[in-house]
Amino acid sequence: MAKEKFWLGMALGAVVGAAAAMFATPKSGQEMRQQIGDQARDVGRKAGSAFGTAKCKAADLKCKAENQVKEAARKGGSVLDATRSKVAEAVKAGRKAAKERRKELESELKEMEEG
């Protein structure tokens, strides 16, 4: 961002400096119009080039952002799968423990009824 501001400032300074130099030197009206036209075309070319560069950088940033989002989604999916697996294992272990405890309690109840 700072580089873009620097180059924009440089271009603007060059235009202002060129305009000041043009108006400070004595020339005929036709020479002045010709010089202004030449400099305007030059500024237009430079602005077009800067716009093209900015457009390419924006496209690159967009591509990078899309890739980062896809990677985050992929990683998130992996974490979700791992978590889902751990929860399923915990539920299975809980059911097994509950079944074993139920058998113990039924056994104790049976002993109490018999004894």
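Taking the C-alpha atoms only, the angle from helix 29-114 to the longest principal axis of the chain is near 0 degrees.
With all projection directions averaged, the alpha carbon convex hull of the stretch 2-114 covers 12.0 nm². Per-residue packing, averaged as other Cβ atoms within 10 Å, sorts the ranges 102-108, 31-37 into the order 31-37, 102-108, beginning with the highest.
Please work out how much length the chain gains when fully extended from residue 16 to residue 100, using 0.36 nm per residue of separation minus the C-alpha to C-alpha distance, in nm with one decimal.
Working: separation 84, 0.36 × 84 = 30.24 nm, distance 8.80 nm.
The residue 16-residue 100 span can extend by a further 21.4 nm.
Here residue 57 is the anchor, and the aspartates and glutamates within straight C-alpha reach of less than 17 Å, apart from those fewer than 8 places off in the same chain, are 4, 66.
Per-residue ellipticity at 222 nm computed for the chain from its helices equals -35500 deg cm²/dmol, with DSSP H segments shorter than 4 residues left out and the rest contributing -39,500 (n - 2.57). The length gained by stretching the chain between residue 62 and residue 25 to full extension, at 0.36 nm per residue less their Cα-Cα distance, is 8.6 nm.
Length gained on full extension, residue 8 to residue 78: 20.7 nm, using 0.36 nm per residue less the C-alpha separation.
Bear in mind that the values in this text are calculations on the coordinates, not laboratory data. Everything numeric in this text was worked out from a predicted model, so none of it was measured. When we count neighbours, we look across all protein chains shown, and the Cβ atoms used for this are built from the backbone with ideal geometry, even at glycine.
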